[in-house]
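Scroll down for the structure; my scribbles are underneath it.
The values are calculated or read from the model by the stated rules, or taken from the named source; none is laboratory data. Being a predicted model, the structure only gives us computed values, none of them experimental. With ideal geometry, Cβ positions are generated from the backbone for all residues, glycine too; neighbour counts draw on all protein chains shown.
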Amino acid sequence: MATTADIRNGLVIELDGHLRQVTYFQHVKPGKGGAFVRTKLRNVRTGAVVERTFTSGERFNTVDLSHRPMTYSYRDGDSYHFMDLQSFDDVMIPATLIGADQLKYLLEGMEVTGLFHDDAVVLVELPQFVELRIVQTDPGVRGDTATGGTKPAKLETGAIVQVPLFIEQGIMIRVDRTEDKYLTRV
């Protein structure tokens, strides 16, 4: 059992018979009345997001998940195939379990972490920092700005991020995928 003090992003809890992952939380202490925690919970199986408010001290069940390294192999329609690096089994995962925010950075051969519950994959987590090649960007023009500007760049996975003007097509860059933000050249 856990309490509202244990809530953090990424925590998976069992609520109303469903596994739900905390995607957002905010502790609120109003001037009048008791404290509470406002959360957004994503259903692990369906991807549906619900908002839920917990009163301070409320208890709920957490779910124990085992982490296993996996490698992305290929896409087949709406399903993505991964190889479990412990058992070397092919694991088919629907796009809803991966999430659209992660799919735009998924590249063949990328190593990810699979979260298993009762020997079934319930979540897939990509690394926070990914290194990808720029396939399309406009050339930067000198003198465009006084303090360094940015321009859009399309990556090899199809994601678009803002990069500095000096970055050119064909360069490998490191991106923080959680914030869709350019970090550095590789």
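Below are the figures for this structure:
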quantity	calculated
Subset of segment 22-52 that is of a type in the set (S, T, N, Q) and surrounded by fewer than 12 Cβ atoms within 10 Å (Cβ to Cβ) - its residue that is nearest to Asp78 (Cα to Cα)	Thr46
Set Leu85, Leu106, Leu123: member being modelled with pLDDT under 90 and closer than 25 Å to Glu156 by Cβ	Leu123
Some residue of segment 65-78 being aromatic (Phe, Trp, Tyr), under 17 Å from Glu125 (Cβ atoms) and under 20 Å from the mean Cα position of the chain (by Cα)	yes
Odd one out for Val141 among (1) at pLDDT 90 or above; (2) farther than 25 Å from Asp6 by Cα	(1)
Filter result (of a type outside the set (A, V, I, L, M) and closer than 19 Å to Ala159 by Cβ) within segment 109-120	Gly109, Glu111
Residue match in segment 40-52 (condition: more than 21 Å from Val124 (Cα to Cα) and in contact (Cβ under 8 Å) with a residue 12 or more places away in the chain)	yes
Conditions (1) of a type in the set (Val, Ile, Thr); (2) closer than 30 Å to Ala48 by Cβ; (3) touching a residue at least 12 places away in the same chain (Cβ under 8 Å): number failed by Ile160	(3)
